[in-house]
Amino acid sequence: MFESICLGRPGQFTTAGLGLLAECLLYYRQVHLVLDHQGFKSLVRLCGPDTLLGLVLDGHLDVIYQENRLGVATKTIANVDQHSFIAFEAPRYAAQNHVPAVLEELLGKPGKARRIGSRILQRLTVRKYDPSRSHEWLADIEGTTYTDQVASALLETLAPSYRTPKAVEFRVHSESGSYVVATNIDFAAANEIYRRANPDSTLTPALILSYLYEGIANVVTGAEHASELVTEPFEALLSTHKIGRIIDNATRSTGNIERFQEFVLPTRSVGQVIASGERNFEDLRHLINKAAEFREWTHKMSDDADILREYVAACSSLSWLDKLPNRMLKYLLFSSIGLGIGLTVAGLPGALAGFSLNAVDSFLFDKLVSGWKPSQFIGGSLVPFVNPRRLDA
C-alpha cells in the first residue's frame, strides 16, 4: 500500500495543491509531481529552494518537469472548423535554462542559485509528450460518446453559470485528415461567462479539444510513472475506461488516509496545517524523517488494507484485545496516544507521572511498550505537528 502516486498536470501549482502534496509525501514511498515551467516556479516559491532540494535528495519527491505542451491548431474551410493537434515548446522554458533562472530570481544570489539548480537538475525527471503517440491519444476521444460528459464537466468549471443543454453533445470525428466537432453547446453564450474570469482567452470547441487531448496524454503518461494516479475530475472521466483501476486505487487510498486522520487527528489534518501556513514543507521534511518506521509499517500493508483497522490491531494486539470489554478498548486506544504526547513533551518520567497504574493498567502498559507501535509516531510526532500553537503556548 502507498507505494507510489503521481499527481499534478502542466499548469500553475497553487496553494490549493499544497495539502494534498503534503499528505502524499507523508504516506507514500514515492511521490511523482508533474509540473511545467509555471508550476515549477510556483512550487519553488511555496516550498523554498533549499526545502525542495532536500525533498528531492531525500528521495521522497520526484519532480517531473514537462518541457512541451499539447494544443490544437484550427483553420476554417467552407464555414467548418477543422482541427489538428500539435506539440509546442519554448527554449527558454527548457529545464536546463528555466530552473537556474527561477532560482536566481528568487534567491538573488547567482552562485547559490547555480549550485542548488545543478543539484535539482541532476534529480529532475524531464518529460516531453511524444507527438508520434498522438494517434494513441486521439483514439480515446474520436467517435465516442463519453466526450459529452467530459465537455459538460469542463463547462461546469470554465463557465459555471452557463446552462448546458439537458443532453450535452460534443463528438469528435476525423474528416479529410483533420478533426471536426459536432456539438449542441452554445459557445457564444458560454464564452461570455468564461471571459469574465479569463479576459485574455476565448472558450471555443478548440479549447475543449485541447483539454481532451492533453488530458488523456497526461493521464496515460502519468500512469506509466506510478501505481496510483490523482487526476482532475474531467481527466478521470477521460481515462476511466482505460486506466480506471489506478485512479480507483488513488481514490480509495485518499479515503483511507482521510478516515485514519479523522480518528487520530480529530481536529485538523496534515494537509490543513500545511495549507493554512501554520506548518511549512521544511517542518514536513523533519516529520517525514521521524516517520521511517511508520511509513515502513504502512507500505507493508496489502493494497486493500484499511489503515485504521490495521492501526487498531497494531496498537492493541487484537489476539488478546478481542477478550476485553469495549470500555477498556477505548481506554487503551486513547491512553496510547496520550502516552506518546507525554513522552514527547515531558520525557518518560513526566509521561508516567500522568498515569496511575493499577494491575490492569500495568498489563496494558506492558503491551504498549513491548516494541514499536504506530501510536508512538502518532502521539509523539504527528499530533504535535498538527497542533503547533498548543506546543507554543
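Only one of 18, 53 is more than 21 Å from residue 270 (Cβ to Cβ) and either in a helix (DSSP H, G or I) or touching a His at 6+ places or on another chain (Cβ under 9 Å) (or both). Can you tell me which? Spell out the reasoning first.
Working: 18 fails: more than 21 Å from residue 270 (Cβ to Cβ).
Sole residue among the options that is more than 21 Å from residue 270 (Cβ to Cβ) and either in a helix (DSSP H, G or I) or touching a His at 6+ places or on another chain (Cβ under 9 Å) (or both): 53.
Step by step: first the residues of segment 163-184, then only those that are over 17 Å from residue 135 (Cβ atoms) and within 32 Å of the chain's Cα centre (by Cα), then the one that is surrounded by the most Cβ atoms within 10 Å (Cβ to Cβ). Which residue is that?
Only one residue fits best here, namely 170.
What helices (runs of 4 or more DSSP H), lying completely within segment 246-348, carry at least 2 residues that are at pLDDT below 90? Steps first, please.
Numbers: elements: 270-275, 281-290, 292-299, 307-316, 318-321.
Once the helices (runs of 4 or more DSSP H) in segment 246-348 are filtered for at least 2 residues that are at pLDDT below 90, what remains is 307-316, 318-321.
When residue 129 is evaluated against the numbered criteria (1) among the hydroxyl-bearing types (Ser, Thr, Tyr); (2) within 20 Å of residue 212 (Cα to Cα); (3) assigned to a helix (DSSP H, G or I), which criterion, by number, is the only one it fails?
(3)
Any idea which residue in segment 275-297 is surrounded by the fewest Cβ atoms within 10 Å (Cβ to Cβ), counting only those that are within 20 Å of residue 57 (Cβ to Cβ) and of a type in the set (A, V, I, L, M)?
Restricting to residues being within 20 Å of residue 57 (Cβ to Cβ) and of a type in the set (A, V, I, L, M), the top hit is 292.
Output yes when any residue across segment 119-134 is modelled with pLDDT under 90 and out of contact with any strand residue (DSSP E or B) (no Cβ under 9 Å at 6 or more places or on another chain), and no when none is.
Checking segment 119-134: at least one residue is modelled with pLDDT under 90 and out of contact with any strand residue (DSSP E or B) (no Cβ under 9 Å at 6 or more places or on another chain).
Hey, among 208, 141, which residue is among the β-branched types (Val, Ile, Thr), more than 26 Å from residue 21 (Cα to Cα) and in contact (Cβ under 8 Å) with a residue 60 or more places away in the chain? Working first, answer last.
Working: 208 fails: in contact (Cβ under 8 Å) with a residue 60 or more places away in the chain.
Every option except 141 fails the conditions.
Consider residue 77 carefully, then state whether it is without any contact (Cβ under 8 Å) to a residue 12 or more places away in the chain, farther than 30 Å from residue 268 by Cβ and β-branched (Val, Ile, Thr).
Working: without any contact (Cβ under 8 Å) to a residue 12 or more places away in the chain: yes; farther than 30 Å from residue 268 by Cβ: yes; β-branched (Val, Ile, Thr): yes.
Against the criterion (without any contact (Cβ under 8 Å) to a residue 12 or more places away in the chain, farther than 30 Å from residue 268 by Cβ and β-branched (Val, Ile, Thr)), residue 77 qualifies.
Can you tell me which residue among 136, 104 is without any contact (Cβ under 8 Å) to a residue 40 or more places away in the chain and in a helix (DSSP H, G or I)?
On the way: 136 fails: without any contact (Cβ under 8 Å) to a residue 40 or more places away in the chain.
Just one listed residue meets the conditions, 104.
The values are calculated or read from the model by the stated rules, or taken from the named source; none is laboratory data. Remember, predicted model here, so these are calculated numbers, not experimental data. Cβ: placed from backbone, ideal geometry, glycine included. Neighbour counts: every protein chain shown.
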